[in-house]
Amino acid sequence: MTRQNAVMALSGGMDSSSLLLHLIQQEFNVTCLSFDYGQKHRIELERAKSLVVYLKGEGHEVHHRIVDLKSAFGLFKSDLLESGGDVPEGHYEEDSMKATVVPNRNAIFSSLLYGTALSLSEKNGNKSAVALGVHSGDHAIYPDCRPEFYNALGHAFAIGNWGSEAVHFYLPYVDSNKEGILKDAEHAIGALGLDFDEVFSRTITSYSPDADGRSSGRTGSDVERILAFHSLGRKDPIDYVDSWDVALEHALATEKAHKEAEYKERLSAIQFHVTRESGTERAFTGQYYDEKRVGEYFCICCERLLFTSSMKFDSGCGWPSFHTEHHDAGIIRIEDRTHGMLRIEVRCEQCDAHLGHVFPDGPRQHGGERYCINSASLKFNEEDEP
């Protein structure tokens, strides 16, 4: 049986390289197109070629072509192009990053990928997937990375071509993020018997590498990549202008500053004071201290599931009380010696929000602990009626 084709855009970045590994592990017959469109970070094309060579040396055949689009993209305005201004630095979701949008880029790339997929299906008599590594972290800034864009594009391509029933879009990361992509790559690398650092040393994500090909560590794409490696407890194997420790410190500070600004805008005054400034609401004033409905309690900042109503009990203390945390909550415990007392503070593992404290005076049948939690740190979702 002939394997299904996968025609993908291989930029040389982390996302598309992870996608290539995913497709090989899924046993697609892979054709990669890399696009030279006058991008400032053209070194990514060299990294793409290097990765393909490495994979072939490990016994994984990949068809690879570089497509010259410099003349066409010379018509466009973007700071990502050689003809544009300086690439902005900062967080990857800041409005300033819109200067890196290249007009209609993914529509053009997708058209070429789709045409190649149609041609392969006609030639080989099998089905073809058009694969791209777009992900949820792109959605805020890049409209042509959103699922609705590809739904519309796929519909347009289908009605505009004969044989389109043999071709479909494949976007495995569209609801994921950089961390999820890297985890998927870890899985594929393990299954294929490859070396993680060898693979990712042959990638680059920076929009403004220096003359030696080192990543700046300062652009939004750099920050996002650095945080993904850090979240997996890994050191990025590529070279940065500064040391890894300096690059990581900058990325963490950038993420924290962006999140704090977002929290301040989104949260109420008491929610911000409690979660970001380790404040405490007055007893018997929070909206959930006497809540008795069935449902789930999430972190107000990042929506991580922390507790369920079956874990809640009436302690009479004036704050929501829980005897157990959800098994996926991963709540962090920290010794707290403020106000002349020794207490155990509890914080959200995912976003570091202050939640409250835990005390050893809870129901014995459930372990004897009482999570004393501020209502302002919680979001409650009532369970739907059966």
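Data for the structure
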read-out: Index of the failed condition, residue 82 passing every other in (1) of a type outside the set (Val, Ile, Thr); (2) on the phi < 0 side of the Ramachandran plot; (3) crowded, with 16+ Cβ neighbours inside 10 Å; value: (3)
read-out: Tally, over the range 348-365, of residues that are touching a helix residue (DSSP H, G or I) at 6+ places or on another chain (Cβ under 9 Å) and modelled with pLDDT of 95 or more; value: 5
read-out: Long-range neighbours under 8 Å by Cβ, at least six apart or interchain, first residue touching a residue at least 24 places away in the same chain (Cβ under 8 Å) and closer than 22 Å to residue 101 by Cα within the range 18-43, second of a type in the set (S, T, N, Q) and surrounded by fewer than 22 Cβ atoms within 10 Å (Cβ to Cβ); value: 33/116; 38/83; 40/208; 41/208
read-out: Out of 271, 287, sole residue that is surrounded by 16 or more Cβ atoms within 10 Å (Cβ to Cβ), of a type outside the set (Ser, Thr, Tyr), touching a residue at least 60 places away in the same chain (Cβ under 8 Å) and in contact with a helix residue (DSSP H, G or I) (Cβ under 6 Å, 6 or more places away or on another chain); value: 271
read-out: Residue pairs meeting the criteria (Cβ under 7 Å; at least 6 apart or on separate chains; first without any contact (Cβ under 8 Å) to a residue 24 or more places away in the chain, in the range 221-249; second in a loop (DSSP other than H, G, I, E, B) and among the acidic types (Asp, Glu)); value: 244/236
read-out: Complete set of residues in the range 177-191 that are of a type in the set (A, V, I, L, M, F, W, C) and surrounded by fewer than 16 Cβ atoms within 10 Å (Cβ to Cβ); value: 191
read-out: Tally of residues being within 14 Å of residue 356 (Cα to Cα) and in contact with a Ser or Thr (Cβ under 9 Å, 6 or more places away or on another chain) across the range 302-318; value: 3
read-out: Search result, residues across the range 319-335 that are out of contact with any helix residue (DSSP H, G or I) (no Cβ under 6 Å at 6 or more places or on another chain), farther than 22 Å from residue 267 by Cα and surrounded by 15 or more Cβ atoms within 10 Å (Cβ to Cβ); value: 321, 325, 326
read-out: Selection from the range 60-79 of residues that are surrounded by 12 or more Cβ atoms within 10 Å (Cβ to Cβ) and of a type in the set (Lys, Arg); value: 70, 77
read-out: Residues located in the range 192-207, provided they are of a type outside the set (Phe, Trp, Tyr) and either surrounded by fewer than 21 Cβ atoms within 10 Å (Cβ to Cβ) or in a helix (DSSP H, G or I) (or both); value: 192, 193, 194, 195, 197, 198, 199, 201
read-out: Selection status of residue 256, in a helix (DSSP H, G or I), under 30 Å from residue 208 (Cβ atoms) and not assigned by TED's automatic domain parsing to the domain that holds residue 318; value: yes
read-out: Enumerated strands (runs of 3 or more DSSP E) restricted to the range 275-354, each holding at least 1 residues that are among the β-branched types (Val, Ile, Thr); value: 305-308, 332-336, 343-347
read-out: Among (1) surrounded by 16 or more Cβ atoms within 10 Å (Cβ to Cβ); (2) out of contact with any Lys or Arg (no Cβ under 6 Å at 6 or more places or on another chain), the one test that residue 292 misses; value: (1)
read-out: Where residue 247 falls short, out of the listed (1) out of contact with any helix residue (DSSP H, G or I) (no Cβ under 7 Å at 6 or more places or on another chain); (2) surrounded by 17 or more Cβ atoms within 10 Å (Cβ to Cβ); (3) part of a helix (DSSP H, G or I); value: (1)
read-out: Qualifying residues in the range 166-176 (those that are within 19 Å of residue 5 (Cβ to Cβ) and touching a Ser or Thr at 6+ places or on another chain (Cβ under 9 Å)) - the one surrounded by the fewest Cβ atoms within 10 Å (Cβ to Cβ); value: 168
read-out: For residue 57: the one exception among (1) of a type in the set (Gly, Ala, Ser); (2) surrounded by fewer than 19 Cβ atoms within 10 Å (Cβ to Cβ); (3) under 18 Å from residue 112 (Cβ atoms); value: (3)
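Residue-by-condition table, conditions (1) free of Cβ contacts under 8 Å to residues at least 24 places away in the same chain; (2) assigned to a helix (DSSP H, G or I); (3) surrounded by fewer than 18 Cβ atoms within 10 Å (Cβ to Cβ); (4) touching a Cys at 6+ places or on another chain (Cβ under 6 Å):
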| site | (1), (2), (3), (4) |
| --- | --- |
| 91 | no, no, no, no |
| 98 | no, yes, yes, no |
| 102 | no, no, no, no |
| 108 | no, yes, no, no |
| 119 | yes, yes, yes, no |
| 122 | no, yes, yes, no |
| 130 | no, no, no, no |
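The values are calculated or read from the model by the stated rules, or taken from the named source; none is laboratory data. On a predicted model such as this, the values are computed, not experimentally measured, just so you know. Cβ: placed from backbone, ideal geometry, glycine included. Neighbour counts: every protein chain shown.
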